[in-house]
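See structure below.
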Amino acid sequence: MEHKAGFVSIVGKPNAGKSTLMNILVGERMSIITHKAQTTRHRIIGIINDENTQIIFSDTPGIIQPKYGLQKSMMSAVNESFLDADVLLVVTDINEKHDEADVVEKVKKYEGPIAVLINKVDQSNQELVTQKIEYWQKELNPAAIIPISALKDFNIDAITGFIRDHLPIHPPYYDKEELTDRSERFFVAEMIREQIFKCCEKEVPYSSEVVIVSFKEGEDLHRISAEIIVERETQKAIIIGKGGTMLKKIASAARFDIEKFLDKKVFLEVFVKVLDDWRNKDNYLKRFGYEG
Ligand code: GDP
Ligand code: K
Ligand code: MG
């Protein structure tokens, strides 16, 4: 049997369930997931392998109209992910109230096989499923429309089946032991960022970035030092909290996840720093790994 390999992009609106899907497909907690929109900022790849196949998934930020520099960079990550995709997965929330003309417009430019995944069917009914299938058939006429629940692990095999059917014959692109192209540092930073999303309200998570300042691997313990970057002093005060309680909460929850992820005891220090308006400054965006 010839080896198949290829790139699969996961796109769709914010909160459709792209990161949840990516994680269940890859079987690792790789992309950060929260109920807030715009949590995923970078393009993240996750890889699954078996003897004759290698599927390389890209999770992407949700499709929106960009308003500031960071969002522009996020949208170029989405555009970029279309280019090398062999298969495109368009994730849509079955209970999405807004029309998805922006999604349709973007994905229409893609010429390869598309599967529309109607997600969160656990929160819906057959009638609505039928209605949504008709909508997507009319708007996009994709190669497949698959009702799924990423959260409840429903119909996920149908997705991998679709991908296998459409994957080109190609040798593996990555070492078969590799799960992702991202470093441990990246995931550690993401786990801290996830806790900021969970613990803080409104603008604060969106204005925050996490930088790993040092990562020292020890025999029994990893020593990790991180900085949370915010845009204003007021945000810094919120993240630190009264008597440092908020920062303690963020750091200890993050440490719990990081220890599980690294399978190692971790000593985690977290500092908070203000960089005025960093989301609109190219030099900072570059430094934090957002390409223009
Ligand atoms: P993304 O912005 O598209 O990456 O969406 P996320 O994966 O971050 O998920 C957004 C929210 O939807 C989270 O609260 C998820 O737990 C939830 N979610 C994702 N998939 C499902 C699903 O199949 N069913 C239900 N009920 N909730 C889901
Ligand atoms: K989200
Ligand atoms: Mg996401």
>> With the structure loaded, tell me whether Q131 is in contact with a strand residue (DSSP E or B) (Cβ under 9 Å, 6 or more places away or on another chain) and modelled with pLDDT of 95 or more or whether it fails that test.
In response: no
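Each row is one residue, and each column tells you yes or no for (1) closer than 30 Å to G6 by Cα; (2) touching a helix residue (DSSP H, G or I) at 6+ places or on another chain (Cβ under 6 Å); (3) buried (at least 17 other Cβ atoms within 10 Å of the Cβ); (4) not small (G, A, S).
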| position | (1), (2), (3), (4) |
| --- | --- |
| V188 | yes, yes, yes, yes |
| E201 | no, no, no, yes |
| V211 | no, no, yes, yes |
| E217 | no, no, no, yes |
| L221 | no, no, no, yes |
| A237 | no, no, no, no |
| T245 | no, no, no, yes |
| E259 | no, no, no, yes |
> Among the residues of region 2-22, is any more than 10 Å from ligand 1 (Cβ to nearest atom) and modelled with pLDDT under 75?
Replying inline: no
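Matching residues to (1) under 23 Å from S73 (Cβ atoms); (2) aromatic (F, W, Y):
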residue	(1), (2)
L221	no, no
A254	no, no
R287	yes, no
Y290	yes, yes
> For K108, are the conditions met, namely being out of contact with any Leu (no Cβ under 6 Å at 6 or more places or on another chain) and on the phi > 0 side of the Ramachandran plot?
Replying inline: no
>> Tally up the residues in region 23-75 that are farther than 26 Å from R287 by Cβ, within 16 Å of ligand 1 (Cβ to nearest atom) and modelled with pLDDT of 75 or more, please.
In response: 6
> Any idea how many residues of region 150-206 are over 30 Å from A237 (Cβ atoms) and more than 16 Å from ligand 2 (Cβ to nearest atom)?
Replying inline: 33
> Name the residues in region 94-107 that are surrounded by 12 or more Cβ atoms within 10 Å (Cβ to Cβ) and assigned to a loop (DSSP other than H, G, I, E, B), would you?
Replying inline: I94, N95, E96, E100
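The values are calculated or read from the model by the stated rules, or taken from the named source; none is laboratory data. On a predicted model such as this, the values are computed, not experimentally measured, just so you know. Here Cβ is always computed from backbone atoms with ideal geometry, including for glycine, and neighbour counts include all displayed protein chains.
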